[in-house]
Ligand code: NAD
């Protein structure tokens, strides 16, 4: 790494709190090195109070771009010059690009989720899916699925501070796309069962299953998952969440969040550099283990 950093090297950032666990710095730096691109990618722990100063600093330093994660994803749009249509619809930003001083916010989580399904031969276009979650990740997934042509989405969330956001997401999808979305209370387990029953895919898009909620699952009754159902989880640490353990036991094909993470990063990489991320090479590196490889035991059975 030190051999390749010179006075010309440009910085790409990642802001969030907490962020030290992130795989993104390894992924992007490996990709830059592989393609001989003169960038370095570093993570910065930033809270929402510090956000305006950080954006001002990044502007002054003329960073080419940066990624954004929680808790900064929803607020950062206020400090940017432009938002892509997807970022406007989702109401969150995970990728910023600086084009000669103009900062544009985009969201690549939803395209990452959809691309991972496509790469693994899963077709949900024109079909019905059920998703749990109404936060940033869930909104990005549901909006992108609707934009891409999914016919119907049943969204479940517990009645917490995210429920209102779920209502707004449903309104946006129903008014701006041809998809039909409906929001339900996650506590309504009988409704959850019937909505999953005629869906081709069930996805968890909450942090349930990772620390501090590791060992927990949004599905308590395994019989809700039938063998021909595709099951996805945004969680990738642990690689096989409690939900995915249940899915495996029920004979379902299942995917953890690594593929989504990889493809959201690949799209951000392309936005900053104009080049395709060497995805097959990145997937072969030990830090991603074998989980996102097509046909591997745990992500695509
Ligand atoms: P967020 O804070 O915006 O939303 C949190 C969501 O979790 C809400 O829907 C909330 O109601 C729900 N929730 C929280 N605790 C719950 C509980 N005990 N029971 C039921 N629901 C609960 O967070 P986010 O940005 O949407 O992130 C959610 C998860 O997605 C995180 O684990 C994050 O790491 C992961 N994520 C993964 C990727 C990826 O590429 N794989 C990308 C983005 C986010």
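Compared with the alpha-carbon gap, the fully stretched path from residue 17 to residue 47 is longer by 10.2 nm at 0.36 nm per residue.
As a rough guide to protection, the peptides 135-141, 234-240, 176-182 ranked by mean Cβ packing within 10 Å, highest first, stand as 135-141, 234-240, 176-182. Annotation for segment 1-67 versus segment 129-155: alpha-carbon center distance of 29 Å.
Note on residue 4/residue 61: beta-carbon distance plugged into 1/(1 + (r/R0)^6) with R0 of 22 Å gives a FRET efficiency of 0.65. The tail of the calculated P(r) for segment 84-141 beyond 16 Å holds 53 percent of all Cα-Cα pairs. For the chain, modelled as a GNM whose springs connect Cα atoms under 10 angstrom apart, the maximal fluctuation among 115, 253, 20 occurs at 20.
Counting DSSP beta bridges with both partners in the chain, what percentage is antiparallel, nearest 5?
Numbers: 8 of 45 bridges.
Once the DSSP bridges in the chain are tallied, antiparallel ones form about 20 percent.
For the chain, what relative contact order do you get, as a whole percent, if you take Cα pairs closer than 8 Å and at least 6 residues apart?
Normalised by residue count, the contact order of the chain is 14 percent.
Using a 10 Å cut-off on Cβ atoms, rank the peptides 267-278, 100-111 from the highest mean neighbour count down.
Details: 267-278: 18.0, 100-111: 20.4.
Put in order of decreasing packing, that is 100-111, 267-278.
Here segment 1-143 carries DSSP beta bridges of which approximately 40% are antiparallel, counting only pairs with both residues inside. The value of relative contact order for segment 149-242, using C-alpha pairs under 8 Å at least six residues apart, is 25 percent.
What does the C-alpha gyration tensor say about the overall shape of segment 1-156? Classify as rounded when a/c is under 1.5, otherwise prolate if a/b is larger than b/c, or oblate. The shape class here is prolate.
In deg cm²/dmol, rounded to 500, what helix-only [θ] at 222 nm does the chain give when every DSSP H run of at least 4 residues adds -39500 (n - 2.57) and the total is split over its residues?
Values: 10 runs with 104 residues, N = 301.
That calculation yields -10500 deg cm²/dmol at 222 nm.
What distance in nm separates the two pseudo spin-label positions at residue 276 and residue 81, each 7 Å out from Cα along the beta-carbon direction? Computed distance between label sites residue 276 and residue 81 equals 3.1 nm. Distance between the modelled labels on residue 193 and residue 125, one decimal in nanometres: 3.5 nm (7 Å Cα→Cβ projection).
How would you rank 47-58, 77-88, highest first, on the average number of other Cβ atoms within 10 Å across their residues? Before the final figure, lay out each step's value.
On the way: 47-58: 14.4, 77-88: 17.2.
Ranking the peptides 47-58, 77-88 by packing returns 77-88, 47-58.
Here residue 284 and residue 33 are evaluated by their C-beta separation; at R0 = 25 Å the FRET efficiency comes out at 0.95. Taken over the alpha carbons of the chain as equal point scatterers, the Debye sum produces base-10 log I(q)/I(0) values at 0.10 Å⁻¹ of -0.53.
Looking at segment 142-268 only, what percent of DSSP beta bridges run antiparallel? Nearest 5 please. Walk me through the numbers on the way to the answer.
Details: 0 of 15 bridges.
Counting DSSP beta bridges with both partners in segment 142-268, the antiparallel share is about 0 percent.
Rank 162, 254, 202 by mean-square fluctuation in a GNM of the chain with C-alpha springs under 10 angstrom and give only the top-ranked residue. Maximum among the listed residues: 162.
Annotation: extensible slack from residue 223 through residue 26 equals 67.0 nm (criterion: 0.36 nm per residue apart, minus Cα-Cα distance).
Each reported figure results from applying straightforward, stated rules to the coordinates on display, with no laboratory input. Worth saying up front: this structure is predicted, and the values here are computed from it rather than measured. Don't worry about glycine lacking a Cβ; one is built from the backbone with ideal geometry, like all the others, and counts go over all protein chains shown.
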